[in-house]
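As structure tokens, the structure follows; a few thoughts come after it.
The values are calculated or read from the model by the stated rules, or taken from the named source; none is laboratory data. The shown structure was predicted, so the numbers you read here are calculated from the model rather than taken from an experiment. With ideal geometry, Cβ positions are generated from the backbone for all residues, glycine too; neighbour counts draw on all protein chains shown. Please note that ligands, DNA and RNA were not included when accessible areas were found on the heavy atoms of the full protein model with its side chains. Shrake-Rupley method; radii C 1.70, N 1.55, O 1.52, S 1.80 Å.
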Amino acid sequence: MVWTLAFDTSAAHCAAALLRGDQLVAARAEDMGRGQAERLMPLIQEVLAEGGCPMSDLDVIGVGVGPGNFTGIRISVSAARGMALALGIPAVGVSTLDATALDAERPVRVHVPAPRDQVYEQGFGCEPAVPLMRAGGTDGDTPVILPPAPAELAERIARIALTRAPFETEAPAPLYLRAADAAPAKDAPPVILP
Amino acid sequence: MSDLTILGIESSCDDTGAAIVRGTAGNARVLSNIVMGQAELHAAFGGVVPEIAARAHAEKVDLAVKQALSEAMVSLSEVDAIAVTAGPGLIGGVLSGVMCAKGIAAALGKPLVGVNHLAGHALTPRLTDGLTYPYMMLLVSGGHCQFLIVRGPDEFIRVGGTIDDAPGEAFDKVARLLALPQPGGPSVEARARDGDPKRFRFPRPLLDREGCDMSYSGLKTAVLRARDEVMTDNTLTAQDQADLCAGFQEAVTAVLAEKTRRALRVYMELNPSQPMIAVAGGVAANQAIRAALTTVAEEAGAGFTAPPLKLCTDNGAMIAYAGLERFALGETDDMTLQARPRWPLDKKSAPMIGSGKKGAKA
């Protein structure tokens, strides 16, 4: 039976879930604004212990890649990449958008809260087919759904990772949807005359 | 004591590093040392952008580790411990390294060793030259400038350091002011060779003050003012450019040489059995500075060494080695190891930079 572990720290939580085959055997989530980097691995170890799965027995890792808190996403993605390297198993990056839309009736749009009253949005069976960030507020007739509670989010990430693992070729990478805040250097340098 | 094999991971600034080091404390060798730079990502911004650096590290750390293992022909099962920079540095990058290291350590059930990035630099002469404690260390780079007496793997006495910018940062800034490419160290040094160091007389900050503290921020401003005086319609002659470089480099060299002389005086009072000063950090690559420091060391009766540049700038081998020294003493960390933006090496001396409510930076 295939063991799949998934975890997510893309918002103000630390969440992990363990599947045996397609059965959920353990899931934990804790709300936290900070300290996810210190809590994540112990939480994973607790979930694995509860499910009776030594880490070395894992077959698939699923990791939430956001969109959401940049630092939070990197915490989980970096841990997943390290574990995948050491265990020699695939790590599958799953977006909160895909996880939220799992099993939802189409067409549907997923909204994930973004900073400054904006939203990350993706349509399933409708526009925008490619995820983007835009000003918040609802518009249009297509129903809008929001992400599930963190423990369920982790479970859905695990389910999607399990189905995608055989076809996954790329290491998980954060889904930022927003360029890094950085301004090009001001004050043009002088022109040098020979 | 039998050989230890340590994986080291570094991601605290703009270089992603991973390395394998094998041996014992004071007698170890580098089996591989992978450094993946990001200079081109930051070039347009005139400095390292923390968020851009963090994004790059998150997708490179595991790749660097993989490459370090294969180049060393070592499998993870042969690794005794995973050492990782846990600070000080840009927190986004440090976090990526720490989390990847935790993932590897937890998956293998191997010990995790958090390493202070500055300890990595400060212990490098033990790796490259097998120096015996206590030795004098001048750490001089783009982010740091301090004199340390290294008495043991976790025992550092800071004798002095910069109260504002680091010299490497000043070299970068001067390069930008004078239309020279980044990193500024090599480009300013190259131009300085064609310049007259006496034409512009730049200040020697804090030279008239007692002690070993330094300041470089005013020197940058002085170069800016001098440039603006000779610049017409935003143009500068190549000779002006070279003379400004030469004058600036001479000022930095003079300050470093004099402060090193004083730091060595403090160190020699300890009557070290094999007196040595080691210089590490990117600025140690500057030949003019190196020559001046060699002379100062000779005068004080101390040997001089500077690790090869690849082990002087940020790299994973120094972290692996510092981790080896800690691990050999039985020190490890658990999965709650914290990534720290601020982490002074010398916990006893008064903080010099960032002594605000968040505590000393370094």
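Under a 10 Å cutoff between Cα atoms, tell me which one of B:48, B:255, B:65 has the largest fluctuation in the Gaussian network model of chain B.
Comparing B:48, B:255, B:65 in the GNM, the peak value goes to B:48.
Assuming R0 = 56 Å, can you tell me the calculated FRET efficiency for the pair residue B:237 and residue A:149, based on Cβ-Cβ distance, to the nearest 0.05? Spell out each step's value before the answer.
Numbers: r = 67 Å, r/R0 = 1.20.
It comes out at approximately 0.25.
Would you mind telling me which residue in B:256, B:219, B:329 has the biggest mean-square fluctuation in a Gaussian network model of chain B, where springs connect alpha carbons within a distance under 10 angstrom?
It is B:329.
Testing the spin-label approximation: label points 7 Å from Cα along Cα→Cβ at residue A:46 and residue B:77. State their distance in nm.
With each label point 7 Å from Cα toward Cβ, the separation is 3.3 nm.
Residue separation times 0.36 nm, minus the C-alpha to C-alpha distance between residue B:154 and residue B:194: what's the value? Present the calculation step by step, with values, prior to reporting the outcome.
On the way: separation 40, 0.36 × 40 = 14.40 nm, distance 4.36 nm.
My answer for the length gained is 10.0 nm.
Restricting things to Cα coordinates, could you compute the convex hull volume per residue of chain A in Å³?
Details: hull volume 35.0 nm³, N = 194.
Dividing the Cα hull volume of chain A by its residue count gives 181 Å³.
What are the residues whose amide H is under 5 Å from the amide H of residue A:62, where those residues sit 5 or more places off or on another chain and H is modelled from the backbone?
A:5, A:6, A:7, A:92
Tell me the total accessible area that A and B bury against each other, 1.4 angstrom probe, in square angstrom rounded to 100. Kindly include the intermediate steps, with their values, before the conclusion.
Values: alone 10220 and 15080 Å², together 22140 Å².
Answer for the A-B pair: about 3200 Å² buried.
Just to verify a number: what accessible area does residue A:48 come out at with the full protein assembly present, 1.4 Å probe, Å² rounded to tens?
Per-residue accessible area (residue A:48): approximately 10 Å².
Cross-link candidates for residue B:259: which aspartates and glutamates have Cα within less than 13 Å, leaving aside residues fewer than 8 places away along the same chain?
Output for residue B:259: B:208, B:210, B:213.
Between B:308, B:134, B:183, where does the largest GNM mean-square fluctuation fall for chain B, given springs only between Cα atoms within less than 10 Å?
Answer for the Gaussian network model of chain B: B:308.
Once you have the Cα-Cα distance between residue B:261 and residue B:40, take 0.36 nm times their residue separation minus that, and quote the gain in nm to one decimal. Before the final figure, lay out each step's value.
Working: separation 221, 0.36 × 221 = 79.56 nm, distance 3.76 nm.
Net length gain for the segment: 75.8 nm.
So if each residue of separation counts as 0.36 nm, and I subtract the Cα-Cα distance between residue A:12 and residue A:181, what length gain in nm does that give? Could you put the intermediate results ahead of the total?
Values: separation 169, 0.36 × 169 = 60.84 nm, distance 2.12 nm.
Computed gain between residue A:12 and residue A:181 is 58.7 nm.
What do you reckon, how do A:141, B:213, B:14 stack up by accessible area (1.4 Å probe), largest on top?
Working: A:141 155, B:213 60, B:14 35 Å².
Of A:141, B:213, B:14, the descending order of accessible area is A:141, B:213, B:14.
Is the shape of region B:126-192 best called rounded, prolate or oblate, per the rule: a/c under 1.5 gives rounded, else a/b larger than b/c gives prolate, else oblate, with a ≥ b ≥ c the square roots of the Cα gyration tensor eigenvalues? List each step's numbers first, then the result.
Numbers: a/c = 4.04, a/b = 2.18, b/c = 1.85.
Cα axes put region B:126-192 in the prolate bin.
So if I place +1 on the C-beta of Lys and Arg and -1 on the C-beta of Asp and Glu, and nothing else carries charge, what would the dipole magnitude of chain B be about its Cα centre? I want it in debye, nearest 20.
Using Cβ point charges on Lys, Arg, Asp and Glu, chain B gives about 520 debye.
Rounded, prolate or oblate: which fits region A:81-138 when a ≥ b ≥ c are the square roots of the eigenvalues of the alpha-carbon gyration tensor, with rounded for a/c under 1.5 and prolate only if a/b beats b/c? Don't skip to the end; give the middle numbers.
Values: a/c = 3.41, a/b = 1.79, b/c = 1.91.
Oblate is the answer for region A:81-138, as a/c is 1.5 or above yet b/c matches or exceeds a/b.
Compute, for residue B:336, the solvent-accessible surface of its heavy atoms (probe 1.4 Å) with the complete set of protein chains present, and express it in square angstrom to the nearest 10.
Residue B:336 exposes around 70 Å² with every protein chain in place.
Label points 7 Å out from Cα along the Cβ direction at residue A:134 and residue A:168: separation in nm?
If labels sit at residue A:134 and residue A:168, their model points lie 3.0 nm apart.
Residue B:261 accessible area, nearest 10 Å², 1.4 Å probe?
90
From other protein chains only, count the Cβ atoms within 10 Å of every residue's Cβ in A:178-191, then give the mean.
Details: counts 1, 3, 9, 4, 10, 4, 4, 6, 1, 4, 2, 10, 15, 6.
Averaged over the peptide's residues, the number is 6.
Where q = 0.06, 0.07, 0.13 Å⁻¹, what log10 of I(q)/I(0) comes from the Debye formula for the protein assembly as shown, counting one point per Cα?
Listed by q, the Debye log ratios stand at -0.34, -0.46, -1.21.
State in Å² the accessible area per residue of chain B; use a 1.4 Å probe, count heavy atoms of protein chains only, and round to the nearest integer. Walk me through the numbers on the way to the answer.
On the way: 13540 Å² over 362 residues.
Normalised by residue count, the accessible surface of chain B is 37 Å².
What's the Kirkwood radius of chain B in Å, using all Cα pairs?
Details: mean 1/r = 0.0481 Å⁻¹.
Mean inverse Cα-Cα distance, inverted, gives 20.8 Å.
Among all the aspartates and glutamates, which ones have a C-alpha under 16 Å from residue B:198's C-alpha, if same-chain residues fewer than 8 places away are not counted?
B:189, B:240, B:243, B:250
So for region B:135-305, considering every pair of alpha-carbon atoms, how many percent are separated by more than 27 Å?
Working: 3680 of 14535 pairs.
More than 27 Å apart: 25 percent of the Cα pairs in region B:135-305.
Shape of region B:224-317 from its Cα gyration tensor (a ≥ b ≥ c, root eigenvalues): rounded if a/c is under 1.5, otherwise prolate when a/b > b/c, or oblate?
Values: a/c = 3.52, a/b = 2.02, b/c = 1.74.
It comes out prolate by the Cα gyration axes.
Please list, by residue number, everything in region B:1-41 whose backbone N is under 19 Å from a paramagnetic label point 7 Å out along Cα→Cβ of residue B:129.
Residues B:25-30 qualify, since their backbone N sits under 19 Å from the label point.
For the protein assembly as shown, what % of the accessible area comes from carbon and sulfur atoms, probe 1.4 Å? List each step's numbers first, then the result.
Values: 11480 of 22140 Å².
Summing carbon and sulfur atoms, their accessible area is 52 percent of the total for the protein assembly as shown.
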